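Before any comments, here is the structure.
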Amino acid sequence: MFECSPVAQALADEEGLLVLANDAYCRLVGRDLGSLMGRSSAEFTHPDDLGEHAMMGQLMAAAAAQGETLRVEKRYVRPDGEIRWGWVSVAPAHGPVGRTWTMAIVHDTTDRRQAEDVLLTEAATDALTGLLNRRGWRQQLRQLSTAWNRVDHFALVMLDLDHFKAYNDARGHPAGDRLLVAFAAGAEAELREGDLLARWGGEEFALALPGCDRDQAARVLEHLAALLPDHQSFSAGYDTIRPGESIGDCLERVDQYLYRAKTQGRNQAVTAFSTTLRFSTERAD
């Protein structure tokens with residue numbers, strides 16, 4: 001049953017070194033039986049999971065105290081670098097001379113994890129431009145929640161393409177879609193790694209610029225304004241997050257600056273202290 005099981009199984013001694021593994025386990029980790037014997041599975045455990053691996057004895061004891069079997073999900077790294085996910089049930093086993101060995105039963109969950117990753121990516125991505133959508137942008141910002149503690153400045157921008165409805169009405173919705181896609185692609189190529197650009201909705205975009213002060217953010221906006229084809233323009237509001245302020249507070253203020261830029265004639269960006277940046281009328285063709 002051990003050898004023929006389609007579920008990966010392995011037995012490790014009191015030192016955590018493998019003494020037995022079935023074919024399914026060998027296939028899961030991408031190694032033959034001979035190369036596995038006498039080795040710890042830590043050698044082919046994903047680096048991010050090694051902390052949990054090191055605590056396996058404690059985790060097993062805690063589960064046993066609750067009358068349960070320890071179950072964890074972890075990643076294995078094959079020799080070619082491919083990562084396989086496994087749902088691992090770990091239980092003590094009787095070894096020789098009264099020693100306690102460990103039996104691991106591993107269900108390969110890679111396909112499920114990959115399908116979940118695709119769904120999560122799709123849920124956070126704008127289908128037209130391939131940028132983050134509003135949900136994805138907020139999720140990424142949460143991951144950067146400590147970034148402004150490590151940099152001097154952190155700028156947020158809201159921008160809106162000017163007269164987009166008129167552009168759509170005059171040229172058709174496919175042309176409007178192409179304009180959005182062209183701007184998104186050009187902007188992503190212009191921005192630095194770590195900057196976050198999202199399609200906020202319709203013709204509105206949100207941008208996070210870690211490490212940028214107002215002057216640097218203004219220069220970024222000038223570059224982005226020059227990317228719009230067909231002599232189109234955008235209006236923007238921008239500012240840096242203030243000490244003790246939340247992202248939401250700064251974003252609300254930036255959105256007010258955007259509204260001011262639109263009511264003041266568009267093709268410009270507004271920031272704190274009523275400072276207005278007017279863009280060149282020259283646009284990419």
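The values are calculated or read from the model by the stated rules, or taken from the named source; none is laboratory data. All values derive from a computational prediction rather than experimental measurement. Quick reminder, even Gly has a Cβ in these numbers, built from the backbone with ideal geometry, and neighbours come from all protein chains shown. Note: areas computed on protein heavy atoms with side chains; ligands, DNA, RNA excluded. Shrake-Rupley method; radii C 1.70, N 1.55, O 1.52, S 1.80 Å.
The set of residues from the range 88-133 being modelled with pLDDT under 95, open to solvent by 80 Å² or more (accessible area, probe 1.4 Å), more than 20 Å from the chain's Cα centre (by Cα) and not charged (D, E, K, R) comprises PRO92, HIS94, VAL97, THR100.
I want to confirm something. Restricting to the range 54-72 and keeping residues that are open to solvent by 80 Å² or more (accessible area, probe 1.4 Å) and part of a helix (DSSP H, G or I), which single residue is farthest from THR102 (Cα to Cα)?
Within the range 54-72, the match that is farthest from THR102 (Cα to Cα) is ALA65.
Do we have ARG27 as free of Cβ contacts under 8 Å to residues at least 24 places away in the same chain, assigned to a strand (DSSP E or B), open to solvent by 30 Å² or more (accessible area, probe 1.4 Å) and farther than 30 Å from LEU132 by Cβ here? Considered against the rule, which asks whether it is free of Cβ contacts under 8 Å to residues at least 24 places away in the same chain, assigned to a strand (DSSP E or B), open to solvent by 30 Å² or more (accessible area, probe 1.4 Å) and farther than 30 Å from LEU132 by Cβ, ARG27 comes out as no. Just one of the listed residues (GLU188, GLU193) is under 23 Å from GLN139 (Cα atoms), surrounded by fewer than 16 Cβ atoms within 10 Å (Cβ to Cβ) and out of contact with any Leu (no Cβ under 8 Å at 6 or more places or on another chain), namely GLU193.
Just to verify a result, which residue in the range 213-244, among those that are in contact with a helix residue (DSSP H, G or I) (Cβ under 7 Å, 6 or more places away or on another chain) and hydrophobic (A, V, I, L, M, F, W, C), is surrounded by the fewest Cβ atoms within 10 Å (Cβ to Cβ)? Of everything passing the filter in the range 213-244, LEU227 is surrounded by the fewest Cβ atoms within 10 Å (Cβ to Cβ). Being of a type outside the set (Ser, Thr, Tyr), touching a residue at least 24 places away in the same chain (Cβ under 8 Å) and either open to solvent by 70 Å² or more (accessible area, probe 1.4 Å) or in a strand (DSSP E or B) (or both) is the filter here; which residues of the range 30-46 pass it? Result: no residue meets the conditions.
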